[in-house]
1. Which count do you get for residues in region 94-121 that are open to solvent by less than 50 Å² (accessible area, probe 1.4 Å) and part of a helix (DSSP H, G or I)?
2. Can you tell me how many residues in region 30-46 are open to solvent by less than 80 Å² (accessible area, probe 1.4 Å), touching a Lys or Arg at 6+ places or on another chain (Cβ under 7 Å) and either farther than 16 Å from Arg60 by Cα or among the acidic types (Asp, Glu) (or both)?
3. So the check is Cβ under 6 Å with 6+ separation or different chains; which pairs have a first residue in region 11-23 that's over 13 Å from Leu56 (Cα atoms) and a second one that's among the polar types (S, T, N, Q) and open to solvent by 10 Å² or more (accessible area, probe 1.4 Å)?
4. Among the residues in region 50-69, are any at pLDDT below 95, buried (at least 18 other Cβ atoms within 10 Å of the Cβ) and on the phi < 0 side of the Ramachandran plot?
5. Looking at region 84-137, which of its residues are of a type in the set (D, E, K, R) and under 16 Å from the mean Cα position of the chain (by Cα)?
6. Please tell me if Trp73 is at pLDDT below 95 and either surrounded by 15 or more Cβ atoms within 10 Å (Cβ to Cβ) or in a strand (DSSP E or B) (or both).
7. Does region 18-29 include one or more residues that are open to solvent by 50 Å² or more (accessible area, probe 1.4 Å), assigned to a strand (DSSP E or B) and farther than 17 Å from Phe137 by Cβ?
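The values are calculated or read from the model by the stated rules, or taken from the named source; none is laboratory data. All values derive from a computational prediction rather than experimental measurement. In this analysis, Cβ positions are derived from the backbone assuming ideal geometry, glycine residues included, and neighbour counts consider all displayed protein chains. In case anyone asks, the SASA skips ligands and DNA or RNA and just uses the protein heavy atoms, side chains included. Shrake-Rupley method; radii C 1.70, N 1.55, O 1.52, S 1.80 Å.
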Amino acid sequence: VVDTAYMYQNNAATYFQIRFGAEYRFDESFSVLGMFGGTPQLGDNDGASAFTIDVLAIYRWDAFFVGAGAGSWFSSGNDGRHPEDNKVDAILNAGYRFWGEDNGTNAEIFVEARSAFDEFDEYERYGRVSGGFRFRF
């Protein structure tokens with residue numbers, strides 16, 4: 001599985017998100033997806049590029065899916081400021097398969113929101129939102 005996405009964080013920066021991983025399917029509807037990757041910073045002066053490790057539980061029906069899980073945010077600019085701290089994030093995502101078969105090679109579009117567990121009350125400042133494409137091989 002490969003994800004590519006544009007990520008936005010209000011109080012920090014914009015990022016390019018790329019993740020690689022594998023999925024284990026329990027049945028036609030439920031799977032667990034493990035991914036690792038990076039989020040190089042694209043613009044703005046706050047924030048910093050980060051390395052991520054994410055685990056998501058995915059539920060599917062037809063071409064739609066929703067997922068929830070947790071992930072790490074290891075920042076290269078960890079200087080004690082919120083946007084650059086290393087964090088453990090809660091992750092929610094949803095998407096739609098627009099090409100290919102369910103159990104074969106396919107392409108999906110997805111949106112995702114993530115926030116550090118200790119920053120839920122400041123999501124409007126430090127939460128991250130992304131949208132992009134997921135390719136399954």
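1. Count: 1.
2. 2
3. Pairs that qualify, where the first residue is over 13 Å from Leu56 (Cα atoms) and the partner is among the polar types (S, T, N, Q) and open to solvent by 10 Å² or more (accessible area, probe 1.4 Å), are Ala13/Gln41; Tyr15/Gln41; Ile18/Thr4.
4. Yes: region 50-69 contains one or more residues that are at pLDDT below 95, buried (at least 18 other Cβ atoms within 10 Å of the Cβ) and on the phi < 0 side of the Ramachandran plot.
5. Initial filter on region 84-137 (of a type in the set (D, E, K, R)): 84-85, 87, 89, 97, 101-102, 108, 112, 114, 118-119, 121-122, 124-125, 128, 134, 136.
Lys87, Asp89, Glu108, Glu112, Arg114, Arg128, Arg134, Arg136, listed by residue number.
6. Taking the combined requirement at face value, the residue satisfies it.
7. Looking through region 18-29, none of the residues is open to solvent by 50 Å² or more (accessible area, probe 1.4 Å), assigned to a strand (DSSP E or B) and farther than 17 Å from Phe137 by Cβ.
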